[in-house]
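What follows is a single structure, written as structure tokens, with notes after it.
The values are calculated or read from the model by the stated rules, or taken from the named source; none is laboratory data. Because the structure is a prediction, the values reported are computed rather than measured. Neighbour counts run over all protein chains shown; Cβ positions are idealised from the backbone, glycine included.
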Ligand code: NDP
């Protein structure tokens, strides 16, 4: 049975990804950080295994991934999805806002991937999918920290793809546009209206639309696709 780990997999985009991989026949471990209530409800609804740790904490990732492997088996699919925002104009941004976003969105690429890469290389198979953002591609006012972290995810993806291409491991990045999750629901209504007005398809994306792409990238059929940066944003980036 193929084992997949989805970080931030108990709600939002990650939950849809976890369900999509489960539907594709994978054994899925979904991680979360603090929202125990949501995680327990998700576990009860889906039967998906849930694990709690901070993806920005290296020791916690080593321990957590060791536990997943011991309980479910070797990890051959990793979806680095967990992410946060701490928005503010850069001239008012604190170093704490910067550090928190970089830790969760970018340090996690190291802390989560480093413990599983050796096993994937030894077994000659792996799928790593990193969730970046449209704002890592184009930059976003009020998100210097988040844009920097998400752009970093793209560079990491391209380097790791090259290093592991001959080992049967593919590494790809998905850059979602605005998707209807709690992260986007937190954006002020007026700002959200103007964002939607700038999306050519005229609506927010659905988490399931990201999950479908993720399921493809995790499949054996996607073995020739690596180092790719896939935009899925209702046409927004090309429009701006
Ligand atoms: P949500 O805020 O809905 O969910 C975030 C998930 O990440 C939760 O499961 C949360 O756990 C988990 N998480 C947060 N911090 C940590 C941490 N330190 N350690 C472990 N888990 C953590 O986010 P979305 O579903 O909207 O976003 C998912 C990904 O997609 C993120 O990387 C985001 O940046 C990216 N993205 C989202 C877009 C959107 O429009 N929604 C657009 C482009 C990219 P808990 O429930 O315990 O808090």
Open item on the list: So residue 150 passes all but one of these: (1) in contact (Cβ under 8 Å) with a residue 24 or more places away in the chain; (2) within 15 Å of the ligand (Cβ to nearest atom); (3) not in a helix (DSSP H, G or I). Which condition number does it fail?
Closed with: (3)
- [ ] Give the residue, chosen from 66, 25, 8, that is at positive phi and more than 13 Å from the ligand (Cβ to nearest atom).
- [x] 25
Open item on the list: Among the residues of the range 215-228, are any within 28 Å of residue 99 (Cβ to Cβ) and either modelled with pLDDT of 95 or more or more than 11 Å from the ligand (Cβ to nearest atom) (or both)?
Closed with: no
TODO: Give me the pairs, please: first residue somewhere in the range 197-218 and in contact (Cβ under 8 Å) with a residue 60 or more places away in the chain and within 30 Å of residue 120 (Cα to Cα), second residue anywhere and away from the ligand (no atom under 11 Å from the Cβ) and assigned to a loop (DSSP other than H, G, I, E, B), beta-carbon distance under 6 Å, and either six or more positions apart or on two chains.
DONE: 215/24
Task: Of all residues in the range 20-46 being outside any helix (DSSP H, G or I) and over 24 Å from residue 213 (Cα atoms), the one that is nearest to the chain's Cα centre (by Cα) - done: 33
Open item on the list: Among the numbered criteria (1) within 14 Å of the ligand (Cβ to nearest atom); (2) in contact (Cβ under 8 Å) with a residue 24 or more places away in the chain; (3) surrounded by fewer than 15 Cβ atoms within 10 Å (Cβ to Cβ), which one does residue 57 miss?
Closed with: (3)
TODO: Would you be able to tell me the number of residues in the range 75-106 that are more than 13 Å from the ligand (Cβ to nearest atom), assigned to a loop (DSSP other than H, G, I, E, B) and touching a helix residue (DSSP H, G or I) at 6+ places or on another chain (Cβ under 9 Å)?
DONE: 2
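Each row is one residue, and each column tells you yes or no for (1) closer than 17 Å to residue 108 by Cβ; (2) at pLDDT 95 or above; (3) more than 8 Å from the ligand (Cβ to nearest atom).
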| position | (1), (2), (3) |
| --- | --- |
| 130 | yes, yes, yes |
| 157 | yes, yes, yes |
| 162 | no, yes, yes |
| 167 | no, yes, yes |
| 173 | yes, yes, yes |
| 179 | no, yes, no |
| 182 | no, no, no |
| 185 | no, no, yes |
| 191 | no, no, yes |
TODO: Output the residues belonging to the range 201-240 that are assigned to a loop (DSSP other than H, G, I, E, B) and over 23 Å from residue 151 (Cα atoms).
DONE: 201, 202, 203, 219, 223, 224
